[in-house]
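Student: Encoded as structure tokens, here's the structure I'll be asking about.
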Amino acid sequence: MSIQKAEKLCRNKWWFLNSLMAALFLSLWWFSMKETSWRPRLTFSYKGQRTDVLLLSPWLAPIVWNGTYNSAILDAQFHQRNVRIGITVFAIKKYTAFVKTFIDTAEKYFMIGHKVIYYIFTDRVGDIPTPDLGEGRSVTVLEVPSYQRWQEVSMRRMEMIRKYSQERFVNEVDYLVCVDVDMRFSDEVGVEILSDLIGTLHPGLYGAPRESFTYERKLQSEAYIAAEEGDFYYAGGYFGGTVAEVYKLTDFCHNAMMADRANNIEAIWHDESYLNKYFLDHKPTKILSPEYLWDEKFGSPDFLQRKRFLAVRKNHRQIRNRR
């Protein structure tokens, strides 16, 4: 066979193989489109990022604000993973009065369409109401000791979350969100908040200069942060992450508290002070804006487009002192 004939035969074979592959690809595409009834996939309409607020931390952790994410895309991704979310609150003594409002509003706005377990820590099991819950959502009541001082209750919260993270939560949920019970949901809070380690900007100190942050300044304390240190001031009433990361956080905070207690030291803002120390050395992988933790006493500043989680009005002294 001449070289010319061999080259022609080779070209014919390649043409045949290429035609066969193209026909196969078109057939697969046609059947896939027929199967999905020509339904388009989710699309993201980019409208530009906000320029009035900080969107990234110096270590490139996203700061979550309204207008910076697409809920439909995120929901689809987390549904594929069949994610389970636990949310913890402490209802000690008279704080059981806030449980009903907390759960009722969460059922309207918190992680709708996802599997959720409400973990209610309480010393008054009989006072916890039985709420109406959506599909895939449940309440688990965990009995804990009562303490005389509210500061003690606040600090023991880290110990209890640490204990149950290791013994129970790790087998039941993928993410934990740890918040205060004397709050109500007032707008959507979804999977956009989830990440390995979650911190929330304190609404009372948002935008304030670092020198005004109320970190623990006693040099002898395990929560001590020097005046020239610190990135943001984080709220003790809203943190979370994977169960493994929440365990590490609460383990540090509990051990640091116990070390200080042995030396008769009490940090200025109790568990919140130790939380801020932990976040100084272990940066959150996602930061929630004040939209996710707000108090109406701070008004309605222009940067706050949505108020998702609001403090319930109350007399703190009366609630904390009543048995």
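The values are calculated or read from the model by the stated rules, or taken from the named source; none is laboratory data. Everything quoted here is computed from the prediction, not taken from an experiment. In this analysis, Cβ positions are derived from the backbone assuming ideal geometry, glycine residues included, and neighbour counts consider all displayed protein chains.
Student: Suppose we filter the stretch 303-318 for residues that are over 16 Å from ASP180 (Cα atoms) and modelled with pLDDT under 95; how many remain?
Tutor: Selection size over the stretch 303-318: 2.
Student: For LYS297, state whether it is within 25 Å of the chain's Cα centre (by Cα), within 25 Å of LEU197 (Cα to Cα), of a type in the set (Lys, Arg) and in a helix (DSSP H, G or I). If you could, list the steps in order and put the result at the bottom.
Tutor: Values: within 25 Å of the chain's Cα centre (by Cα): yes; within 25 Å of LEU197 (Cα to Cα): no; of a type in the set (Lys, Arg): yes; in a helix (DSSP H, G or I): yes.
So LYS297 does not fit the description; no.
Student: While we're looking at this one, here's another question. Could you please find all residues in the stretch 212-228 being more than 25 Å from the chain's Cα centre (by Cα) and either part of a loop (DSSP other than H, G, I, E, B) or free of Cβ contacts under 8 Å to residues at least 12 places away in the same chain (or both)? Lay out the reasoning, then the answer.
Tutor: Looking only at the stretch 212-228, we keep the residues that are more than 25 Å from the chain's Cα centre (by Cα), and these are 212, 217-222, 224, 226-228.
Those that are more than 25 Å from the chain's Cα centre (by Cα) and either part of a loop (DSSP other than H, G, I, E, B) or free of Cβ contacts under 8 Å to residues at least 12 places away in the same chain (or both): SER212, ARG217, LYS218, LEU219, GLN220, SER221, GLU222, ALA226, ALA227, GLU228.
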